[in-house]
Amino acid sequence: MSFGKATPILRIFDESKARAFYVDFLGFTIDWEHRFADGLPLYLQLSKGDCLLHLSEHHGDCSPGAKLRIPTDELDAYQQQLITSGYAYMRPGIETQPWAREMTVIDPFGNRLVFFMTSDAD
C-alpha cells in the first residue's frame, strides 16, 4: 500500500491579495486556475519546487485559519528574499525550536505557512 503527497487547500477571499501574497511575496508560480463561469469563485494550483498548494474561494472547500508545514533546505536565504521583497505586511523572523528552525508567514486570510529546516535538512 502506498500514498502520494497531500495537497492542502487553503481558503482565500480576495484574488488580488492572494496573488500579491503567494506569487509576488512568496514566489510561488500559478500552475493553473479554474472557474466554473465568469464571476464565480476561483480555484487554483500554486507550486514552488515540490510544494503544491491549492487556493479556493469556494466556501465549502475549507475553512480559513489552516496551518501547514513546508520543508526547505534554504531557510535563511528564503527569509532574506522575503524581507527584501518589499511586501509591506510581513517581515518574518526565524525561530529555533527543539525539532527545527521555523519561519511562519500568515496570509491575508489567516492561514499560517511554517517553512522549516531541521538539522539534517528534511
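Summary table below
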item: Distribution of pairwise C-alpha distances over the chain, 10 Å bins, in %; result: 12, 43, 33, 10, 1
item: Label-to-label distance, nm, for residues given as Ser47 and Glu15 (7 Å Cα→Cβ offset); result: 2.3 nm
item: Positive-end extreme of charge dipole, region 9-117 - chosen from Tyr78, Thr104, Ile12 (charges on Cβ); result: Thr104
item: Neighbour-count order for Lys5, Lys48, fewest beta carbons within 10 angstrom listed first; result: Lys5, Lys48
item: Rounded to whole Hz, the Karplus (6.51, -1.76, 1.60) HN-Hα couplings of region 3-20, x for glycine and proline; result: 9, x, 5, 7, 10, x, 10, 10, 7, 10, 10, 8, 4, 5, 5, 5, 5, 4
item: Computed lengthening from Leu40 to Leu68, 0.36 nm per intervening residue step minus Cα-Cα distance; result: 7.4 nm
item: Sequence-distant aspartates and glutamates (8 or more away, or on other chains) whose Cα lies within less than 15 Å of Lys17; result: Glu57, Asp107
item: Stretch gain in nm, segment Met90-Ala77, where the contour uses 0.36 nm per residue and the Cα spacing is subtracted; result: 3.1 nm
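Read-outs throughout are calculated quantities, based only on the coordinates presented, and are distinct from any laboratory measurement. Note that the coordinates shown come from a computational prediction; the quantities given were computed from them, not determined experimentally. Ideal geometry is used to build each Cβ from the backbone, glycine not excepted, and the neighbour counts take in all protein chains shown.
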